[in-house]
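Presented below is the structure to which this report refers.
What follows draws every value from the coordinates through simple rules; no lab data is involved. Everything quoted here is computed from the prediction, not taken from an experiment. Note: ideal-geometry Cβ built from the backbone for every residue, glycine included; neighbour counts use all protein chains shown.
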Amino acid sequence: MSQPFPSYYTLWHKAGSYALKFTAFAVLFFLIVPIIVIIPLSFNAEPYFTFTKGMVTFEPSAYSMRWYDAIVTNPNWLLAIKNSFIIGFFATIVATTLGTMAAVGLSSQRMPYKRLIMALLLSPMIVPLIIIAAGMFFFYSKFGFAGTYTGLIIAHAALGVPFVIITVTATLSGFDRSLYFAGLSMGASPLKTFFDVVVPLIRPGVISGAMFAFVTSFDEVVLVLFLAGPGQRTIPRQMFSGLREQINPTILAVATLLIMVSVAFLITLEFLRRRSERLRGLESPH
Amino acid sequence: MSNTTTNVASTASSDNNKRGAAILTKEEARFARRELRRHKMTAFALVVPLLVFISFAFVAPILTMLHQGYYSPVVADLIPQTLEKLESWDGQGQPDKRVLTSMAIDLKRLAADRTSGKLAAEINRHKPGASSMVKSTARKLRRKDDADLAQNGAALLLAANKSWADAKTWQAVQKAGKIYTDGFYLTALDLERTFEGEIQIREATQIYIQLYTKTLRMALVITLMCLVLGYPLAYFLANAPSKTSNMLMIFVLLPFWTSLLVRTTAWIALLQTNGVVNSFLMELHVISEPLDMLYTEFSTIIAMTHILLPFMILPLYSVMKGIDKSYMRAAMSMGAKPIPAFLKVYLPNTLPGLSAGALLVFIISVGYYITPALVGGTDGQMISNIIAFHMQQSNNWGLAAALGTMLLILILTLYWVYDRFVGASNIKLG
């Protein structure tokens, strides 16, 4: 777009090209502005969801940290933060361990019923959450899992599994099998070869799968709505009730913190992607 | 992970088949087969723990929900005696005296256990208005003594409320008493069964077909909006210099990775009566009164378009990135006008990404719950919200399960289409 137009371009071509550029930037604006707007609003000194006169003219008194204070002094929010991390952590461990093992098995050429099993393992990603939530509520209640950490961890781990499968399978598909055979031909046992050769190479895939699983749990609210007792409220659950019952800028402060978390996440993921490409060396097509 | 031995063995045995000559001895062939089986078992053993876990954590709950859609033991558990006696009734006029007496005794017991409300609610689903009739009868019978009830139960029941003489009441009791019922599914399709067993369009309220239509319509509008907004942006990003596109891609990926609740919160902040958009428009004197944008179908569609747009852009972008720029140049240098060249050359090449994105957005939006629940108000509710309503507020779990089953069938059909045209294993992340 920034290169000079080819000589055969007519005026209409050029106009079209500018129109495209304008549309593209308008869509980017639509994508990013709603998220950016939250950040200054969270420093509002007044309990409103909009810019006050003072904020527009940049008066220092119009800005404050009071909504951030409101998070750290409110035991409900602190409990929610703690719960989100506890549930997210254990759900990630379960999903990543089982998911990585299964992905290794599934990438074997000898695996029977591969397509069917793959479709089954990926289905938690496709079935609407409300259906999963209703089903889990019926089923987990029978075992007394409803309203417990165990129930939520199991539920969130099931949601995280497809992401681990996808990322690990993707890394394994680009994996050069001759490296594994090289290890074996040098006399290492299959298990040792697996841990010393394969694991370091698929680690970026495992880590990004784990991150997807964690974010899935961290962001999930529908299952929490149905399965959690008052003691297991997570951050999104707390935001959900906050948005329904008493809207105040504390939610905007939480939202701002969560945006920071996703920025950190995005940076890590990009770092992992580059590392994985570097590790796999010349194979990378780009 | 396969092993050298097997590899060699299997190559050898396939050569063996090809040439029809015995390269392997019987002993060796058996060894190769055993090795192959061992590897199959190893691969399978690695997958089994997850299969067991998913079966328990995910598949069993879904099956339980399907079961809940036709299984309704509540009434059968509450008044077993009465239902048993009611079986011989022909459906015309007032049932046998024994039935009425048994009902009177049951109602007294339920009133004492404080479970008459449950029965009332269940019967009410089959005969609107029956709830208060059942409850008041139970209240009146509570003070009667057992001997009196056993003697004149029928008369006391009729004295408490004359609706008990009505055949319709008993038809409702009989329907509610069925342990296995297709009633929830029929209700979910706006149908009902007459006492004679014929299926007809529900007389009372028809809401669910309308709800499915509305959900599908909203999902379609959202998909089209994503397409209209996503296509030009993906095209621009795919054709921009990589430095520019990498930087601008952040604007697509950041919303994608930002919490759903955060994005929904953002739209509440923007669209509410005293929100950013209204203040901005009023400051510019475009409007004098704030517009009611939040809690409408409009706000649901806007917020969901924003949330799902990256799902459209990412597959489109990756497909467009692979299209050689010379195709369009060739078409235009041969004299094609830009628009026909685009329609005949470029657009067909983007179809894989376009169908992947569109199907994904459509599938996700059909089953969406959170955003309509928070910004939808009354007219932006979708099928998921009604399922949640029956789960949490009206406590009609059977109907919730039946509606859920319908939604599941719809989604699985769409997923099947997606798998056929796009391939489920082609799902890429970020």
Worksheet item: When only C-alpha pairs under 8 Å and at least 6 residues apart count, what is the relative contact order of region B:208-426, in percent?
Response: 26 percent
Worksheet item: When you look at the Cβ of every residue in A:254-267, what mean number of other chain Cβ atoms sits within 10 Å?
Response: 4
Response to the item:
Normalised Cα Rg of region B:237-308, dividing by 2.2 N^0.38 Å with N its residue count, works out at 1.40
Practice prompt. Quick one: which residues, 5+ away or cross-chain, put their amide H under 5 Å from the amide H of B:Tyr71? H built at 1.01 Å from N.
Written response: B:Thr181
Worksheet item: Can you give the Kirkwood hydrodynamic radius for the protein assembly as shown, in Å, rounded to one decimal and based on Cα pairs?
Response: 29.6 Å
Discussion item. What do you get for the angle between helix B:97-113 and the principal long axis of chain B? Use alpha-carbon atoms, 0 to 90 degrees, nearest ten.
Written reply: 70 degrees
Practice prompt. Would you kindly work out the equivalent ellipsoid of chain A from its C-alpha gyration tensor and give its semi-axes, the square roots of five times the eigenvalues, largest first in whole Å?
Written response: 39, 33, 18
Worksheet item: What is the magnitude of the charge dipole of chain B about its Cα centre, with +1 placed on the Cβ of each Lys and Arg, -1 on the Cβ of each Asp and Glu, and no other charges, expressed in debye to the nearest 20?
Response: 1120 debye
Practice prompt. Mind listing the long-range amide H neighbours of A:Asn44? Cut-off is under 5 Å, sequence gap 5 or more, other chains count too, H placed in the peptide plane at 1.01 Å from N.
Written response: A:Ser64
Item to complete: Apply the Karplus parameterisation 6.51 cos²θ - 1.76 cosθ + 1.60, with θ equal to phi minus 60°, to every residue of region B:305-320 and state each ³J(HN,Hα) to the nearest whole Hz, in sequence, with x for glycine and proline.
Response: 4, 4, 5, 9, 3, x, 5, 7, 5, 5, x, 4, 4, 5, 6, 5
Item to complete: Counting other Cβ atoms within 10 Å, keep those with at most 13, restrict to DSSP loop, and tell me which chymotrypsin sites (Phe, Trp or Tyr not before Pro) in region B:30-83 are left.
Response: none
Discussion item. If the only charges are +1 at each Lys and Arg Cβ and -1 at each Asp and Glu Cβ, what is the size of the charge dipole of the protein assembly as shown around the Cα centre, to the nearest 20 debye?
Written reply: 1620 debye
Discussion item. Compute the helix-to-body angle for B:26-54: its Cα long axis versus the longest principal axis of chain B, expressed 0 to 90° and rounded to tens.
Written reply: 60 degrees
Discussion item. Starting from the Kirkwood Rh over alpha-carbon pairs, what translational D in µm² s⁻¹ does region B:75-181 have by Stokes-Einstein at 37 °C and 0.692 mPa s?
Written reply: 246 µm²/s
Worksheet item: How well do other chains shield peptide B:35-47, expressed as the mean number of their Cβ atoms within 10 Å of each residue Cβ?
Response: 5
Worksheet item: Any idea what angle helix B:208-239 forms with the longest principal axis of chain B, computed on alpha-carbon atoms, 0 to 90 degrees, nearest 10?
Response: 20 degrees
Discussion item. Relative contact order for chain A: what percent, with Cα pairs under 8 Å and sequence separation of 6 or more?
Written reply: 27 percent
Worksheet item: Taking amide hydrogens as modeled 1.01 Å from N in the peptide plane, which residues meet the under 5 Å criterion relative to B:Leu191, leaving out close sequence neighbours?
Response: B:Arg202
Worksheet item: If you average the sequence gap of Cα pairs under 8 Å that are 6 or more apart and divide by the length of chain B, what percent do you get for the contact order?
Response: 15 percent
Worksheet item: Which of the trypsin sites (Lys or Arg not before Pro) found in region B:38-125 are loop residues per DSSP with 14 or fewer other Cβ atoms within 10 Å of their Cβ?
Response: B:Arg114
Item to complete: Compute the Kirkwood hydrodynamic radius of region A:76-209, taking the inverse of the mean of 1/r over all pairs of distinct Cα atoms, and give it in Å to one decimal.
Response: 16.7 Å
Worksheet entry | Backbone HN-Hα couplings from phi across region B:324-330 [Karplus 6.51/-1.76/1.60, Hz, Gly and Pro as x] | 5, 5, 5, 4, 5, 4, 4
Fill in: Measure of compaction for region B:208-426 (Cα Rg per 2.2 N^0.38 Å)
1.19
Worksheet item: Across 10 Å bins from 0, what is the distribution of all Cα-Cα pair distances for region A:90-144, in whole percents?
Response: 19, 37, 35, 9, 0
Worksheet item: What ratio of Cα Rg to 2.2 N^0.38 Å holds for region B:48-121?
Response: 1.70
Item to complete: Output the DSSP H helices from chain A with an along-axis C-alpha extent of no less than 24 Å and a mean Kyte-Doolittle hydropathy no less than -0.5.
Response: A:11-41, A:75-106, A:149-173, A:199-219, A:250-279
Worksheet entry | Signed unit charges on C-beta, dipole axis of the protein assembly as shown, positive-most listed residue B:Met103, B:Pro49, B:Leu141 | B:Pro49
Worksheet item: Size of chain B along its principal axes in angstrom, Cα-based, largest extent first?
Response: 96, 90, 37
Item to complete: Among the GluC sites (Glu not before Pro) in region B:22-108, which ones are in a DSSP loop with at most 12 other Cβ atoms within 10 Å of the Cβ? Mind listing them?
Response: B:Glu87
Practice prompt. Could you rank the peptides B:169-178, B:129-138 by their average count of other C-beta atoms within 10 Å per residue, with the highest value first?
Written response: B:169-178, B:129-138
Worksheet item: Where in chain A lies the longest segment free of chymotrypsin sites (Phe, Trp or Tyr not before Pro) that are both loop residues by DSSP (not H, G, I, E, B) and have at most 15 other Cβ atoms within 10 Å?
Response: A:144-286
Discussion item. Let me spell out the model: positive unit charges on the Cβ of Lys and Arg, negative unit charges on the Cβ of Asp and Glu, origin at the Cα centre of region B:303-430. What dipole size does that give, in debye rounded to 20?
Written reply: 600 debye
Worksheet item: In Å, the Kirkwood hydrodynamic radius of region B:127-181 over pairs of distinct alpha carbons?
Response: 12.2 Å
Worksheet item: Considering every residue in A:135-147, what mean count of other chain Cβ atoms within 10 Å of its Cβ is obtained?
Response: 5
Fill in: Centre separation in Å (Cα based) which lies between region A:123-201 and region B:312-386
30 Å
